[in-house]
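*Asks:* There's a structure below that I have some questions on.
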Amino acid sequence: MSTPNHIQELRRKYLSPSLSLSYDEPIHIVRGEGQYLYDKEGNRYLDAVNNIQHVGHCHPKVVNAAEKQNALLNTNTRYLDETIVRYAKLLTNKLPNGLDVCFFTNSGSESNDLALRIARCITGSKETIVLDGAYHGHLSSLIEISPYKYNAAGGSGPPDFVHSIPLPDSFRGMHRGKNCTKDYINELKNVISKINDSGKRLSTYIVEALMGCGGQIVLPDGFLEKSFKLVRKSGGLCISDEVQIGFGRMGTDFWGFETCNVIPDIVTLGKSIGNGHPLSAVVTSKEIADKFNNGMEYFNSYGGNPVSCAIGEAVLQVIEDEGLQENAEKVGNYLIEELIKLQTKYKFIGQVRGQGLFVGIELIHDDDVLEPNNTLAKKVVNEMKDAGILLSLDGPDHNVLKIKPPMVFNIENANELVINLKTIFDRNYDS
Ligand SMILES: Cc1ncc(COP(=O)(O)O)c(C=O)c1O
């Protein structure tokens, strides 16, 4: 009944113009299965970008868990219910000791907002340190701490309690090369001194261990470890935003922060936790949760409802049953190796980086200047879509091809992606 044009017309009429669509010619997807999406004509697309559908689109075990619980009971958390405690136990079992208390929410943004509230309540301060290029969510409180938004179109800069340090990008950042960790740590030291000198106290430092919107940035060696030490010395709490990178995506580890040898005070989870269902969580220590319990109830109409928890449980089960963390390591390593081979052939590939199934290809104009090539990046994403492979762009300059597929992505899929990238590069551009 509805043609793509008609749907677009209805979107223009009934939806906010602030919502965007992917690709110059948007696609009308009607079905998903595993790592594949299908349009109305039955054309198959390989989904190489949807990290929310973590265990695969419409995974039958997740769908069944949702249907079964939906038909039985869905309420808020004010009754005794086994689902929520069973899930909280399973989830915290996946985290290091000391991160044992859960708050359930409905989006990554809600989790980060709550994490900020907890940190502010405990430290009595709002002074927050963030990394340039970071995005932590769409709520007002998070636009305030997201340089990716407040420094871009429509943004109006940070409030005075938010302090950023330069994007710790060893390839194209303010400080470059193998030994840049100390320079970024000095930037952090300067910011902390500035806060202390003004008679204020640091509240929190929020980071992703591998940055998503920042452009799939792998933090310089030892940076997170050293920065957590500095922040804690100043009385601040460390928040690890695992919304994009958690649940085995890193391959070697279940959580992003584990790849950097740190244990945060508060962890925020979202996206993949519910395979597309609006489930998310904040996990912290008993001590912090007790201090936050200052008399004000934490009530959330939907957070932690039995249907969400049944879904969360099914997702954890599937990750384990299907060995998806191990798959992320195997396929991710293979994919990165193949992409690095491409890099030797094409000058405009500035850097291939990432870990597990979280990979970025940074496109530039020239090796010496490292000027971002966002025009080329946009063209490649559109042409890959025409070839049946879905990718998108990241980074403050929108010049990083991002690859973060459902975790069922296999070697054959990796080959399909690389072969198509190569064809598009060969057909269109000087190498
Ligand atoms: C790192 C990070 N944190 C938080 C969020 C916000 O999550 P949500 O869109 O579920 O509110 C996002 C969303 O893209 C994100 O990438």
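The values are calculated or read from the model by the stated rules, or taken from the named source; none is laboratory data. In this text, all values refer to a predicted model and were calculated from it rather than measured experimentally. Here the Cβ is made from the backbone with ideal geometry for all residues, glycine too, and neighbour counts use every protein chain on show. Areas reflect the complete protein model, heavy atoms only, side chains present, ligands, DNA and RNA absent. Shrake-Rupley method; radii C 1.70, N 1.55, O 1.52, S 1.80 Å.
*Asks:* If you rank Arg78, Arg232 by how much accessible surface each has, with a 1.4 Å probe, what is the order from largest down? Mind showing how you got there, number by number?
*Replies:* Numbers: Arg78 135, Arg232 100 Å².
Sorted by accessible area, descending: Arg78, Arg232.
*Asks:* Would you mind counting up the charge near Asp39? Only other residues with Cβ under 15 Å from its Cβ, with Lys and Arg at +1 and Asp and Glu at -1. The partial results should precede the final answer.
*Replies:* Details: positive: Arg31, Lys40, Arg44, Lys385; negative: Glu25, Glu33, Glu41, Asp47, Asp386.
That works out to -1.
*Asks:* Could you give the dipole magnitude of the chain about its Cα centre, charging the beta-carbon of Lys and Arg +1 and that of Asp and Glu -1, in debye to the nearest 20? All intermediate terms of the calculation are to be shown ahead of the outcome.
*Replies:* Working: 44 positive and 53 negative charges, 153 e Å.
The calculated dipole for the chain is roughly 740 debye.
*Asks:* Related question: Using θ = phi - 60° and the Karplus curve 6.51 cos²θ - 1.76 cosθ + 1.60, what whole-Hz ³J(HN,Hα) does each residue of the stretch 7-21 get, with Gly and Pro shown as x?
*Replies:* My calculation for the stretch 7-21 gives 4, 5, 4, 5, 4, 4, 7, 10, 10, 5, x, 6, 7, 10, 10 Hz in order.
*Asks:* Can you sort Ile288, Ile52 by solvent-accessible area, 1.4 Å probe, largest first? Display every interim value, and only then the final one.
*Replies:* Values: Ile288 20, Ile52 55 Å².
Order by accessible area, largest first: Ile52, Ile288.
*Asks:* Here is a further query. For the stretch 1-83, how big is Rg over Rh, using alpha carbon atoms and the Kirkwood form of Rh?
*Replies:* On the way: Rg = 17.4 Å, Rh = 16.0 Å.
A ratio of 1.09.
*Asks:* With charges set only on the Cβ (+1 for Lys and Arg, -1 for Asp and Glu), what does the dipole of the stretch 357-428 come to about its Cα centre, in debye to the nearest 20?
*Replies:* Values: 7 positive and 12 negative charges, 74 e Å.
My answer is approximately 360 debye.
*Asks:* In addition: Two decimals, Cα atoms only, Kirkwood Rh: what is Rg/Rh over the chain?
*Replies:* On the Cα set of the chain, Rg over Rh gives 0.96.
*Asks:* Also: Excluding residues on the same chain fewer than 8 positions from Lys402, give the aspartates and glutamates whose Cα lies under 12 Å from its Cα.
*Replies:* Cα-Cα hits under 12 Å: Asp47, Glu362, Asp394.
*Asks:* Hey, got a sec? Which GluC sites (Glu not before Pro) in the stretch 26-77 land in a DSSP loop and have at most 14 other Cβ atoms within 10 Å? Please list the in-between numbers first.
*Replies:* Working: sites: Glu33, Glu41, Glu67; in loops: Glu41.
In loop regions of the stretch 26-77 (DSSP not H, G, I, E or B), the sparsely surrounded GluC sites (Glu not before Pro) are Glu41.
*Asks:* Additional query: Classify the stretch 218-283 from the C-alpha gyration tensor, please: rounded if a/c falls under 1.5, else prolate or oblate depending on whether a/b exceeds b/c.
*Replies:* Values: a/c = 3.18, a/b = 1.57, b/c = 2.03.
Oblate, since a/c reaches 1.5 and b/c is not below a/b.
*Asks:* In nm, what is the difference between 0.36 nm times the number of residues separating Leu370 and Glu297 and their Cα-Cα distance? Could you put the intermediate results ahead of the total?
*Replies:* On the way: separation 73, 0.36 × 73 = 26.28 nm, distance 5.11 nm.
Here the segment from Leu370 to Glu297 would lengthen by 21.2 nm.
*Asks:* Here is a follow-up. When only Cα pairs under 8 Å and 6 or more residues apart are kept, what is the percent relative contact order across the chain? Please report the intermediate quantities before stating the final value.
*Replies:* Values: 871 pairs, mean separation 92.6, N = 431.
Normalised by residue count, the contact order of the chain is 21 percent.
*Asks:* Roughly how much of Leu357 is accessible, in Å² to the nearest 10, using a 1.4 Å probe?
*Replies:* Its accessible surface works out to 0 Å², give or take rounding.
*Asks:* What residue among Ala314, His163, Val400 has its Cα farthest toward the positive end of the dipole of the chain, where the charges are +1 on Lys, Arg and -1 on Asp, Glu, each on the Cβ?
*Replies:* The one lying farthest along the dipole's positive direction is His163.
*Asks:* Relative contact order of the stretch 376-420: what whole-number percent is it, with Cα pairs under 8 angstrom and at least 6 residues apart? Walk me through the numbers on the way to the answer.
*Replies:* On the way: 32 pairs, mean separation 14.3, N = 45.
For the stretch 376-420, the relative contact order is 32 percent.
*Asks:* Rounded, prolate or oblate: which fits the stretch 27-145, taking a ≥ b ≥ c as square roots of the Cα gyration tensor eigenvalues, rounded meaning a/c under 1.5, else prolate when a/b beats b/c? Don't jump to the answer; show the numbers that get you there.
*Replies:* Working: a/c = 2.38, a/b = 1.33, b/c = 1.79.
Verdict is oblate for the stretch 27-145.
*Asks:* Residue by residue through the stretch 168-174, what is 3J(HN,Hα) from phi via Karplus (6.51 cos²θ - 1.76 cosθ + 1.60, θ = phi - 60°)? Round to whole Hz and write x for glycine and proline.
*Replies:* Coupling constants for the stretch 168-174: x, 10, 6, 8, 10, x, 5 Hz.
*Asks:* Would you kindly find the accessible area of Ser140, with a 1.4 Å probe and non-protein molecules such as ligands, DNA and RNA excluded, rounding to the nearest 10 Å²?
*Replies:* Roughly 100 Å² of Ser140 is accessible to a 1.4 Å probe.
*Asks:* Please give the length that would be gained between Glu416 and Glu25 if that part of the chain were fully extended, namely 0.36 nm times their separation in residues minus their C-alpha to C-alpha distance (nm, one decimal). Intermediate results must be reported in sequence, preceding the final value.
*Replies:* Working: separation 391, 0.36 × 391 = 140.76 nm, distance 2.20 nm.
Stretched out fully, the Glu416 to Glu25 stretch lengthens by 138.6 nm.
*Asks:* May I pose another question? Please list, in order, the residues from the stretch 392-431 whose amide nitrogen is less than 17 Å from a point placed 7 Å along the Cα→Cβ vector of Tyr334.
*Replies:* 404-421
*Asks:* Here's a follow-up. Placing unit charges on C-beta atoms (Lys and Arg positive, Asp and Glu negative, everything else neutral), compute the dipole magnitude of the stretch 29-154 about its Cα centre in debye, rounded to 20. Before the final figure, lay out the partial values.
*Replies:* Details: 13 positive and 13 negative charges, 51 e Å.
It works out to roughly 240 debye.
*Asks:* DSSP loop (so not H, G, I, E, B), at most 13 other Cβ within 10 Å: list which trypsin sites (Lys or Arg not before Pro) in the stretch 11-56 pass both filters.
*Replies:* Values: sites: Arg11, Arg12, Lys13, Arg31, Lys40, Arg44; in loops: Lys40.
Here the sparse-neighbourhood loop sites are Lys40.
*Asks:* Leaving ligands, DNA and RNA out of it, rank Glu242, Glu110, Glu322 by accessible area with a 1.4 Å probe, largest first. Write out the running numbers ahead of the final one.
*Replies:* Numbers: Glu242 0, Glu110 55, Glu322 85 Å².
Largest to smallest exposure gives the sequence Glu322, Glu110, Glu242.
*Asks:* Run through the stretch 334-397 and list the trypsin sites (Lys or Arg not before Pro) located in a DSSP loop whose Cβ has at most 15 other Cβ atoms within 10 Å.
*Replies:* On the way: sites: Lys341, Lys345, Lys347, Arg353, Lys378, Lys379, Lys385; in loops: Lys347.
Those that pass, being in a loop and sparsely packed, are Lys347.
*Asks:* Then there's this: Calculate for the chain the 222 nm mean residue ellipticity that helices alone would give, adding -39,500 (n - 2.57) per DSSP H run of length 4 or more and normalising by residue count, nearest 500 deg cm²/dmol. Each step should come with its number before you reach the end.
*Replies:* Numbers: 14 runs with 168 residues, N = 431.
Computed mean residue ellipticity for the chain: -12000 deg cm²/dmol.
*Asks:* Within the chain, which is the longest segment containing none of the chymotrypsin sites (Phe, Trp or Tyr not before Pro) that sit in a DSSP loop and have at most 12 other Cβ atoms within 10 Å?
*Replies:* Details: sites that count: Tyr79, Phe299.
That would be 80-298.
*Asks:* Tell me whether the stretch 247-401 comes out rounded, prolate or oblate; compute the Cα gyration tensor, take square roots of the eigenvalues as a ≥ b ≥ c, and use a/c under 1.5 as the rounded threshold.
*Replies:* Working: a/c = 2.17, a/b = 1.97, b/c = 1.10.
Taking the square roots of the gyration eigenvalues as a ≥ b ≥ c, the stretch 247-401 is prolate.
*Asks:* Run the 1.4 Å probe and let me know the accessible area of Leu72, rounded to the nearest 10 Å².
*Replies:* Ignoring ligands and nucleic acids, Leu72 comes out at about 140 Å².
*Asks:* Would you please state which residues of the stretch 164-184 a label at Lys200 would reach in this model, taking the label point 7 Å out along Cα→Cβ and a backbone N cut-off of under 20 Å?
*Replies:* Residues 164-167 qualify, since their backbone N sits under 20 Å from the label point.
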